[in-house]
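The values are calculated or read from the model by the stated rules, or taken from the named source; none is laboratory data. As the structure is a computational prediction, the values presented were derived from the model and not from experiment. Cβ: placed from backbone, ideal geometry, glycine included. Neighbour counts: every protein chain shown.
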Amino acid sequence: MNPIKSLIEKGEGVTLDFKQVINDSRKIAKSMVSFANTIGGTLLIGIRDNGSIAGVRSEDEIHMLELASSFHCKPEVEYTVEEHLIEGKLVLKVDVPEGKEKPYYAHGDDDKWWVYIRVNDHCILASKTTVDFMRTQDRPLKLQIGSLEREILKFIAQSEKPTLKDICAKFNLGKRRAGRIIVDLMRAQAVQSHTTEKTEFFSAVL
């Protein structure tokens, strides 16, 4: 089977997104950033949401990709483009590797810069905890496991989908301090963050 058709049959997910057309470079920047901030992925341009082939005009789409990467992503997101002729129609395969300079920001319609991650087949706004984790991943970890950290770990392990708000309430902590502790525990691979469209919760790594 044609490799592009094989991808289409897999359907959209964490590492695959279909776009019928690119008519807004800011929107495509959001998709590119979400892949770069997660584990990388592929955009198939010229494919409808239902997997049918629409085709594109390569010059227009490639120009939009260049605009997105250069002007609406910060830092600039790397990508490669391949042209494929499927059923007589042109489809672009755009591969975005996992970024080396996380977090990556997309320029929003409100003129602000936002961090997105890929969750299932959606681009989700990253939580402050996730952004702070990305920013500090390459820094030396200076975590001291004291009684508070041990109690927070125990609480996370014994709770069902505890949020930062739950942790603040349980231990009478401000969001800033609780967030720093959670980020350090994430960096120590003791805690894992789970983001959904509505909230973020944590689990203990057992």
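Miscellaneous remarks
- Conditions (1) modelled with pLDDT of 90 or more; (2) under 30 Å from residue 72 (Cα atoms): number failed by residue 151: (2)
- Within the range 1-41, the set of residues being in a strand (DSSP E or B) and surrounded by fewer than 16 Cβ atoms within 10 Å (Cβ to Cβ) comprises just one member, 13.
- Strands (runs of 3 or more DSSP E) (entirely within the range 108-206) containing at least 1 residues that are small (Gly, Ala, Ser) and touching a His at 6+ places or on another chain (Cβ under 7 Å): 200-204
- Test for residue 152: is it surrounded by 15 or more Cβ atoms within 10 Å (Cβ to Cβ), β-branched (Val, Ile, Thr) and closer than 15 Å to residue 185 by Cβ: yes
- Within the range 55-88, the set of residues being loosely packed, with under 15 Cβ neighbours inside 10 Å and over 26 Å from residue 111 (Cβ atoms) comprises 57, 59, 80, 82, 83, 85, 87, 88.
- Counted residues, the range 39-96 - those being among the basic types (Lys, Arg), within 15 Å of residue 16 (Cα to Cα) and either without any contact (Cβ under 8 Å) to a residue 24 or more places away in the chain or in contact with a Phe, Trp or Tyr (Cβ under 8 Å, 6 or more places away or on another chain) (or both): 1
- Positions within the range 188-206 being within 15 Å of residue 128 (Cα to Cα) and surrounded by fewer than 17 Cβ atoms within 10 Å (Cβ to Cβ), in sequence order: 192, 194, 196, 197, 198, 199
- Subset tally (residues that are among the acidic types (Asp, Glu) and without any contact (Cβ under 8 Å) to a residue 40 or more places away in the chain) for the range 113-147: 1
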